[in-house]
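The values are calculated or read from the model by the stated rules, or taken from the named source; none is laboratory data. Quantities reported herein were computed from a predicted structural model and do not represent experimental measurements. Note that we place each Cβ from the backbone using ideal geometry, even for glycine, and neighbour counts take in every protein chain shown. Please note that ligands, DNA and RNA were not included when accessible areas were found on the heavy atoms of the full protein model with its side chains. Shrake-Rupley method; radii C 1.70, N 1.55, O 1.52, S 1.80 Å.
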Amino acid sequence: MEQSLNKQELEQFIASRTGAAVGDIRLVLKHEEAYLQKAHQGAKGEVDIDSDDLVDYVLEQRDVSLSELVVEQILDSEMDYLVSKGLAGYLD
């Protein structure tokens, strides 16, 4: 049975693994959501997302002053959380 996403739990999970502030985590996840929405427009079904492109996109946003390493850690921790909850997976 697939679980639903608990955003507060997700943010706490990421913060505990990365040491990032919740505000920074929310900012990165907000820009990630915008990137994913653009990727899904016109797509039918699943979309293959290149993590390097996603990190670059987040770093290009004017309101993001985080390092590349922090952005990668936040996104990697988010994916770990989603996989552990059965909400996402990796394509082979």
**Request:** With a 1.4 Å probe and every protein chain left in place, tell me how much accessible area Lys30 has, in Å² to the nearest 10.
**Result:** 110
**Message:** Probe radius 1.4 Å, ligands and nucleic acids left out: which of His31, His40 has the largest accessible area, and how do the rest follow?
**Reply:** His40, His31
**Item:** Probe 1.4 Å - accessible area at Ser65, Å² to nearest ten
**Value:** 110
**Asked** Using a probe of 1.4 angstrom, how much of the accessible area of the chain is carbon and sulfur, in percent?
**Response** 45
**Asked** Per residue, how many Å² of accessible area does the chain show with a 1.4 Å probe?
**Response** 69
**Prompt:** Ignoring ligands, DNA and RNA, how do Ile49, Ile14 rank by accessible area with a 1.4 Å probe, largest first?
**Reply:** Ile49, Ile14
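Please check the chain for the longest run free of GluC sites (Glu not before Pro) that are loop-located per DSSP (anything but H, G, I, E, B) and have at most 10 other Cβ atoms within 10 Å. Let's see the in-between values first.
Working: sites that count: Glu2, Glu46.
Result, exposed sites excluded: 47-92.
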**Prompt:** Per 5 Å bin, what percent of the C-alpha pairs of the chain does each bin hold, from zero upward?
**Reply:** 2, 13, 24, 25, 21, 11, 3, 0
**Prompt:** When only C-alpha pairs under 8 Å and at least 6 residues apart count, what is the relative contact order of region 7-85, in percent?
**Reply:** 39
**Prompt:** Restricting to lysine pairs 8 or more places apart or on different chains, what number in the chain have Cα atoms under 21 Å apart?
**Reply:** 4
**Message:** Heavy atoms of the protein only, probe of 1.4 Å, neighbouring chains included. What is the accessible area of Leu59 in Å², nearest 10?
**Reply:** 50
